[in-house]
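Notes follow the structure.
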Amino acid sequence: MKLGVYTAILHDRPLPDALDVIAGLGLDAAEINAGGFLPPIHIPIDDILVSQSARDDYLGLFDEKGITLAGLNANGNPLHPHPAIGPKHADDLRRAIRAAGALGQTRVVTMSGLPGGEPGATVPNWIVNAWNSGSLDVLDYQWDEVGVPFWREIDALAADHGVTVAIEMHPQNLVFNPPTLKRLVERVGATHVGAEMDPSHLFWQGMDPIAAVRYLGPLVVHAAAKDVRINTEHAQVYGVLDERFRRLSPDEDRVNLGGHEWVNEWPADAAWDFVALGRGHDVAFWTGFVAALREVDPDMAINIEHEDTSLGRIEGLQVAADVLRKAAQVDAPA
């Protein structure tokens, strides 16, 4: 299997230095952001789309460092109804697919996206408890009129470029669990759409990622190594669906998500937190997770995504890499 890092956490340094970090962790692969919520810091995507020499130079960087390029990432909301966000993220996804094909890559990671609740909306509408008929009306619109037509187009584009799009099952998206992933593939009739198995968002929703791998089987085509810790003392009061986030002001350090949208500040007493591998679930779990993925595809890429705010960039990657290597029974370099 390919064990690597999603390099967004290393956007503070140039790509060659980021690849040195990955090699130093005893890992051998890198997943590169190519647009969407985050800018393409580690890939000159405009050049790669038009220039064979640029593609050769780019791949040469990976060869020089002994690191495999293991996928592009264009996570965003390509179905966002606001004209400053959705079309940009959708175009980033299309460009990432074309760039992946040009680079000989077969995986592009993204999210399914989430539309508004009706024509003319400007804000996405996530329906998760459709007990009333009005909510089912919203879902019918989101799936039939927006989601399925868009993903038919994307599936065809991916097929044209020899790429499979791996969807991260993420809350506030049409696809947020294994059944909705399977539903999208079936309703689209997709041949080049599958799942990126990121356990983190399944954990806090109460799912078992290993059971999810077995449920989806060959639809799992890519994986992330990212952990979650449930903070029981807070979860038993707030539950895992919690809206107590603070809006950051323009003079504070904040991350733009496209258009007028920004990342908010996490609650201090959160019901759950993203943590480095092993801090939410032990090595035994991750060993079982890697084994389940290996049964689907022995050559699958598993890339660490580091979002543990209690640890620094390198420190967090070191903790996660140690657990991932043990889970895959790979020794660290001497």
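Count of region 81-106 residues, restricted to those that are open to solvent by 50 Å² or more (accessible area, probe 1.4 Å) and within 19 Å of A301 (Cα to Cα), is 2.
Looking across region 263-287, just one residue is at pLDDT below 95 and of a type in the set (F, W, Y), and that is W266.
Each residue in region 37-77 was checked for being among the hydrophobic types (A, V, I, L, M, F, W, C), open to solvent by 50 Å² or more (accessible area, probe 1.4 Å) and within 25 Å of V263 (Cα to Cα), and 3 of them qualify.
Whether a residue is in contact with a Phe, Trp or Tyr (Cβ under 9 Å, 6 or more places away or on another chain), of a type outside the set (K, R) and loosely packed, with under 12 Cβ neighbours inside 10 Å was assessed, and V240 does not pass this test.
Part of a loop (DSSP other than H, G, I, E, B), open to solvent by 70 Å² or more (accessible area, probe 1.4 Å) and either among the hydroxyl-bearing types (S, T, Y) or more than 20 Å from N177 (Cα to Cα) (or both), is that true of G120? Spell out the reasoning first.
Values: part of a loop (DSSP other than H, G, I, E, B): yes; open to solvent by 70 Å² or more (accessible area, probe 1.4 Å): yes; either among the hydroxyl-bearing types (S, T, Y) or more than 20 Å from N177 (Cα to Cα) (or both): yes.
Against the criterion (part of a loop (DSSP other than H, G, I, E, B), open to solvent by 70 Å² or more (accessible area, probe 1.4 Å) and either among the hydroxyl-bearing types (S, T, Y) or more than 20 Å from N177 (Cα to Cα) (or both)), G120 qualifies.
If the condition is being surrounded by 21 or more Cβ atoms within 10 Å (Cβ to Cβ), closer than 14 Å to T180 by Cα and out of contact with any strand residue (DSSP E or B) (no Cβ under 6 Å at 6 or more places or on another chain), then region 213-233 contributes no residue at all.
Only one of the listed residues (A332, A301, A292, A320) is surrounded by fewer than 22 Cβ atoms within 10 Å (Cβ to Cβ) and in contact with a Gly (Cβ under 8 Å, 6 or more places away or on another chain). That residue is A332. Among the conditions (1) farther than 26 Å from V240 by Cα; (2) over 14 Å from the mean Cα position of the chain (by Cα); (3) crowded, with 21+ Cβ neighbours inside 10 Å, P178 misses just one, which is (1). A single member of D56, D12 is within 29 Å of P333 (Cβ to Cβ) and either free of Cβ contacts under 8 Å to residues at least 40 places away in the same chain or among the polar types (S, T, N, Q) (or both), and it is D56.
Within region 304-317, restricting attention to residues that are not hydroxyl-bearing (S, T, Y) and not in a helix (DSSP H, G or I), which residue is surrounded by the fewest Cβ atoms within 10 Å (Cβ to Cβ)? Explain how you work it out, then say what you get.
Taking region 304-317 first, the residues not hydroxyl-bearing (S, T, Y) are 304-308, 311-317.
Filter once more, keeping what is not in a helix (DSSP H, G or I): 304-308, 311-312.
Values: I304: 28, E305: 22, H306: 28, E307: 17, D308: 23, L311: 17, G312: 12.
The extreme case among them is G312.
When you go through L136, L157 one by one, which is the residue that is at pLDDT 95 or above and open to solvent by 40 Å² or more (accessible area, probe 1.4 Å)? It is L136.
Could you look through region 256-280, keep only residues that are in contact (Cβ under 8 Å) with a residue 24 or more places away in the chain and open to solvent by 50 Å² or more (accessible area, probe 1.4 Å), and pick out the one that is farthest from S200 (Cα to Cα)?
If we filter region 256-280 for residues that are in contact (Cβ under 8 Å) with a residue 24 or more places away in the chain, which is where we start, we get 257-261, 266-267, 269-280.
Next, only the ones that are open to solvent by 50 Å² or more (accessible area, probe 1.4 Å) stay: 260-261, 266, 279.
Details: H260: 27, E261: 23, W266: 16, R279: 12 Å.
So the residue we want is H260.
The values are calculated or read from the model by the stated rules, or taken from the named source; none is laboratory data. Note that the coordinates shown come from a computational prediction; the quantities given were computed from them, not determined experimentally. Methodologically, a virtual Cβ is constructed for each residue, glycine included, from the backbone with ideal geometry; neighbour enumeration extends over all protein chains shown. Each accessible area value is taken on the protein alone, full model and side chains, heavy atoms only, with ligands, DNA and RNA left out. Shrake-Rupley method; radii C 1.70, N 1.55, O 1.52, S 1.80 Å.
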